[in-house]
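Asker: Take a look at the following structure, please.
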Protein chains: 2
Amino acid sequence: MDPDAVAKAFVDHYYSTFDANRAGLGNLYQEGSMLTFEGQKIQGSQSIVAKLTSLPFQQCKHNITTVDCQPSGAGGMLVFVSGTLQLAGEQHALKFSQMFHLMPTPQGSFYVLNDIFRLNYT
Amino acid sequence: MDPDAVAKAFVDHYYSTFDANRAGLGNLYQEGSMLTFEGQKIQGSQSIVAKLTSLPFQQCKHNITTVDCQPSGAGGMLVFVSGTLQLAGEQHALKFSQMFHLMPTPQGSFYVLNDIFRLNYT
């Protein structure tokens, strides 16, 4: 299994789900999962989805610029993403960067243990 | 030990060392450490320092905008940084984002297992 291919497939799946149906992201997190969103710390699949679905915009489109990945030790994989986020009705896209720590599930898939998101304003 | 305080102390130490004496960063990496620098994958303390010291600028100054951290499982800590990089003689600073996976050493300190760096051009 090529880690870069897994990372790319995860990223495609994550952002297409985010842009089409944010509530569907819940399957990617578990109870021990952590999200830090613009500095706000949130834990657990249910709370994370509540945060993501309550963001103050309805439609958005992520465009991915770079995807990097490394094994994190203990079977996990770190995925580092940069790109832009276009909100419906806004003229300018926002730059963002985000990192995920993916951990294997017993079913041979991955879940998101760690997720840190930042807009790159400055 | 407050993880946010450890992350902040690491970030201060890392970038002040980078800006003053890049070769001094070697102590923070080990043989299994990985750096992905603008997509280029490098492994091991010696190769990582060779890369960092060969970057095509002499003097630089990092300014840190945000530092986020989360426990990574297995005793490690993920540190996610955004900021700007000012190169000597250049008018405009470059935005960057970088993530570190810090792992504990037997001496009660940390070393960098994973390091992913990206300039945010777009």
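The values are calculated or read from the model by the stated rules, or taken from the named source; none is laboratory data. Please read all numbers here as calculations on a predicted model, not as lab measurements. Here the Cβ is made from the backbone with ideal geometry for all residues, glycine too, and neighbour counts use every protein chain on show. Note: areas computed on protein heavy atoms with side chains; ligands, DNA, RNA excluded. Shrake-Rupley method; radii C 1.70, N 1.55, O 1.52, S 1.80 Å.
Asker: Scan B:Met103, B:Met77 and give me the residue that is closer than 13 Å to A:Thr36 by Cβ and either open to solvent by less than 10 Å² (accessible area, probe 1.4 Å) or out of contact with any Lys or Arg (no Cβ under 9 Å at 6 or more places or on another chain) (or both).
Answerer: B:Met77
Asker: Could you tell me whether any residue of the range B:93-109 is without any contact (Cβ under 8 Å) to a residue 40 or more places away in the chain, basic (Lys, Arg) and over 19 Å from A:Val79 (Cα atoms)? Spell out how you get there, then give the answer.
Answerer: Quick first cut of the range B:93-109, residues without any contact (Cβ under 8 Å) to a residue 40 or more places away in the chain only: B:93-99, B:101, B:103-109.
Still in the list and also basic (Lys, Arg): B:95.
Still in the list and also over 19 Å from A:Val79 (Cα atoms): B:95.
Yes: one or more hits.
Asker: Could you check how many residues of the range B:78-91 are assigned to a loop (DSSP other than H, G, I, E, B) and within 12 Å of another protein chain (Cβ to nearest Cβ)?
Answerer: Matching residues across the range B:78-91 total 0.
Asker: Another question, then. Spot the failing condition for B:Tyr121; the list is (1) away from chain A (no Cβ under 11 Å); (2) more than 18 Å from A:Ser72 (Cα to Cα); (3) open to solvent by 70 Å² or more (accessible area, probe 1.4 Å), and only one is missed.
Answerer: That leaves (1) as the condition not met.
Asker: All but one of (1) closer than 25 Å to B:Val112 by Cβ; (2) modelled with pLDDT of 95 or more hold for A:Val6, so report the exception by its number.
Answerer: Of the numbered conditions (1) closer than 25 Å to B:Val112 by Cβ; (2) modelled with pLDDT of 95 or more, the odd one out for A:Val6 is (2).
Asker: When the range B:43-64 is examined, which residues are found to be open to solvent by 20 Å² or more (accessible area, probe 1.4 Å) and in a strand (DSSP E or B)?
Answerer: Within the range B:43-64, B:Gln43, B:Lys61, B:Asn63, B:Ile64 qualify.
Asker: Counting only residues that are assigned to a strand (DSSP E or B) and either of a type in the set (Val, Ile, Thr) or more than 9 Å from chain A (Cβ to nearest Cβ) (or both), how many does the range B:99-116 have?
Answerer: Restricting attention to the range B:99-116, the residues satisfying the condition of being assigned to a strand (DSSP E or B) are B:99-104, B:110-116.
Keeping just the survivors that are either of a type in the set (Val, Ile, Thr) or more than 9 Å from chain A (Cβ to nearest Cβ) (or both) gives B:100, B:102, B:104, B:110-112, B:116.
Residues in the range B:99-116 being assigned to a strand (DSSP E or B) and either of a type in the set (Val, Ile, Thr) or more than 9 Å from chain A (Cβ to nearest Cβ) (or both): 7 in total.
Asker: Please go through the range B:7-23 and pick out each residue that is open to solvent by 20 Å² or more (accessible area, probe 1.4 Å) and either part of a strand (DSSP E or B) or within 20 Å of B:Gln59 (Cβ to Cβ) (or both). Give the derivation first.
Answerer: First, pick out the residues of the range B:7-23 that are open to solvent by 20 Å² or more (accessible area, probe 1.4 Å): B:8-10, B:12-13, B:16-17, B:19-23.
Hits for the range B:7-23 are B:Asp12, B:His13, B:Ser16, B:Thr17, B:Asp19, B:Ala20, B:Asn21, B:Arg22, B:Ala23.
Asker: Does B:Val67 meet the test of being assigned to a strand (DSSP E or B), among the aliphatic types (A, V, I, L, M) and in contact with a Leu (Cβ under 7 Å, 6 or more places away or on another chain)?
Answerer: On the way: assigned to a strand (DSSP E or B): yes; among the aliphatic types (A, V, I, L, M): yes; in contact with a Leu (Cβ under 7 Å, 6 or more places away or on another chain): no.
No; evaluated as a whole, the condition is false for this residue.
Every residue, every condition in (1) over 22 Å from B:Thr65 (Cα atoms); (2) exposed (fewer than 13 other Cβ atoms within 10 Å of the Cβ), yes or no:
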| residue | (1), (2) |
| --- | --- |
| A:Ala5 | yes, yes |
| A:Leu25 | yes, no |
| A:Gly32 | yes, no |
| A:Val81 | no, no |
| A:Gly89 | yes, yes |
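Asker: Within the range B:51-72, does at least one residue satisfy the condition of being of a type in the set (Phe, Trp, Tyr) and within 10 Å of chain A (Cβ to nearest Cβ)?
Answerer: no
Asker: Please list, ordered by first then second residue, the pairs with beta carbon atoms under 7 Å, 6 or more apart or interchain, first in the range B:1-30 and among the polar types (S, T, N, Q), second not in a loop (DSSP other than H, G, I, E, B).
Answerer: From residues that are among the polar types (S, T, N, Q), the pairs are B:Thr17/B:Gly24; B:Thr17/B:Leu25; B:Gln30/B:Ser45; B:Gln30/B:Tyr111.
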